[in-house]
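Undergrad: Mind looking over this structure? Questions follow.
All of the numbers you see were taken from the coordinates with simple rules; none came from a lab. Since we're looking at a predicted model, the values are computed, not measured. Positions of Cβ are generated from backbone atoms using ideal geometry, with glycine treated the same way; all protein chains shown enter the neighbour counts.
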Amino acid sequence: MKTGKEDTVATELSRLSWHKSSRSSMQANCVEVAFDGQAVATRDSKDPHGGKLAFSAASWTSFIECLRAGRFDA
């Protein structure tokens, strides 16, 4: 059962300005991000109306730092 909070969050996320990575492929295999000052939201560019994940700004910064350091390289 929805509490109404989900609808409010979805509405707020839809108002954000979404950005696709400049490194995304032409096959649309990419993630889009949106920033609201306190959090970073992500979504699949192929399904912009589908699910979204949100992270605190600190968590996102840590994730980006790990990417740049190569911690997720195979």
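Undergrad: Working out 0.36 nm times the residue gap between L67 and F55, then minus their Cα-Cα distance, what length gain in nm do you get to one decimal?
TA: Computed gain between L67 and F55 is 2.8 nm.
Undergrad: Return, ordered by residue number, the residues of region 28-55 whose backbone nitrogen is under 15 Å from a label point located 7 Å along Cα→Cβ of S14.
TA: 48-52
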